[in-house]
Amino acid sequence: MNVLARPLGALLKLIFDLTKNYGLSIILFTIIVKLLTIPLTLKQTRSVREINEIQPELKKLQEKYKNDKEQLNIKILELYKKHKISPFGGCLPLLIQIPILVGLFAALREPAKYVFESEAVYKTINTSFLWLSNLAMPDPFLWGLPLLAGLSTYLSSVTITTGAPTDQNQKIMTYFMPIMIFWWGIKLPAGLTLYWVISNAFQAIQQLIIRRPRVKLKEG
């Protein structure tokens, strides 16, 4: 845990030294992390789009081999190979974000240890932000950050799809994840929930920009 928490805490402390605002520091920290992971996000977007494009072929295989799961898996892998698609490409950014969340959870749960490295220094810091009295504690209002975290997770899930047909598992995740994140937001440090809200907002805006139709200029 220390291996993950200390470098993230050091970066958060560096930002705090510049802003002198703990909540704003978490927001800027989130934006920096998202900017650094843009290449992975672009890869995820491309992978999701490619998988959606082959959904009709996938459904034909599922119907043809519905009674032979082993053969179905083989044919699906062959289809991915034919279109040069990685079935795990859409999961990579999430897998990268998991250790960040784990380290940040530790840093925000014990900021005196991992961010400010001193209990005496931490006690002099104003850890309030907006309606939150302490970002190291859960948001006391269920309809505050926890709700924003759930809604932003749903918005992020919707914007990352391309409008092509999706399977039932994707539909379940689209609605299940926001509920799960809302529940986590009730119990986790408000600083971590704030990170999740800003991260999802950044992701949604980024996807809207990526999917924006390109205007072709007329020649002559």
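The values are calculated or read from the model by the stated rules, or taken from the named source; none is laboratory data. Bear in mind the structure is a predicted one, so any value in this text is a computation, not a measurement. Cβ atoms come from the backbone with ideal geometry, glycine included; neighbour counts cover every protein chain shown. Ligands, DNA and RNA are excluded from the accessible area calculation, which covers all protein heavy atoms including side chains. Shrake-Rupley method; radii C 1.70, N 1.55, O 1.52, S 1.80 Å.
The lone criterion from (1) more than 26 Å from LEU132 (Cα to Cα); (2) modelled with pLDDT of 75 or more; (3) among the basic types (Lys, Arg) left unmet by LYS13 is number (1). Of the residues making up segment 24-76, those that are farther than 17 Å from GLN207 by Cβ and of a type in the set (Lys, Arg) are LYS59, LYS60, LYS64, LYS66, LYS69, LYS75. Of everything listed in (1) touching an Asp or Glu at 6+ places or on another chain (Cβ under 6 Å); (2) modelled with pLDDT under 75; (3) not hydroxyl-bearing (Ser, Thr, Tyr), the single unmet condition for ALA112 is (2).
Among the residues of segment 100-116, the ones that are farther than 14 Å from ALA190 by Cβ and either under 22 Å from the mean Cα position of the chain (by Cα) or of a type outside the set (Lys, Arg) (or both) come to 10 in all. Scanning segment 1-10 for residues that are surrounded by 18 or more Cβ atoms within 10 Å (Cβ to Cβ) and within 10 Å of VAL115 (Cβ to Cβ) turns up ALA5, LEU8, GLY9.
Rundown of residues vs (1) out of contact with any Ser or Thr (no Cβ under 8 Å at 6 or more places or on another chain); (2) within 27 Å of SER47 (Cα to Cα); (3) at pLDDT below 85, yes/no style:
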| residue | (1), (2), (3) |
| --- | --- |
| MET173 | no, yes, yes |
| ILE181 | no, yes, yes |
| LEU188 | yes, no, yes |
| THR193 | yes, no, no |
| ILE198 | no, yes, no |
| GLN203 | no, yes, yes |
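Here PHE29 fulfils each of the conditions (1) open to solvent by less than 30 Å² (accessible area, probe 1.4 Å); (2) modelled with pLDDT under 80 apart from (2).
Does at least one position in segment 89-99 carry a residue that is over 30 Å from ILE186 (Cβ atoms), modelled with pLDDT under 75 and over 25 Å from the mean Cα position of the chain (by Cα)? Taking every residue of segment 89-99 in turn, none turns out to be over 30 Å from ILE186 (Cβ atoms), modelled with pLDDT under 75 and over 25 Å from the mean Cα position of the chain (by Cα).
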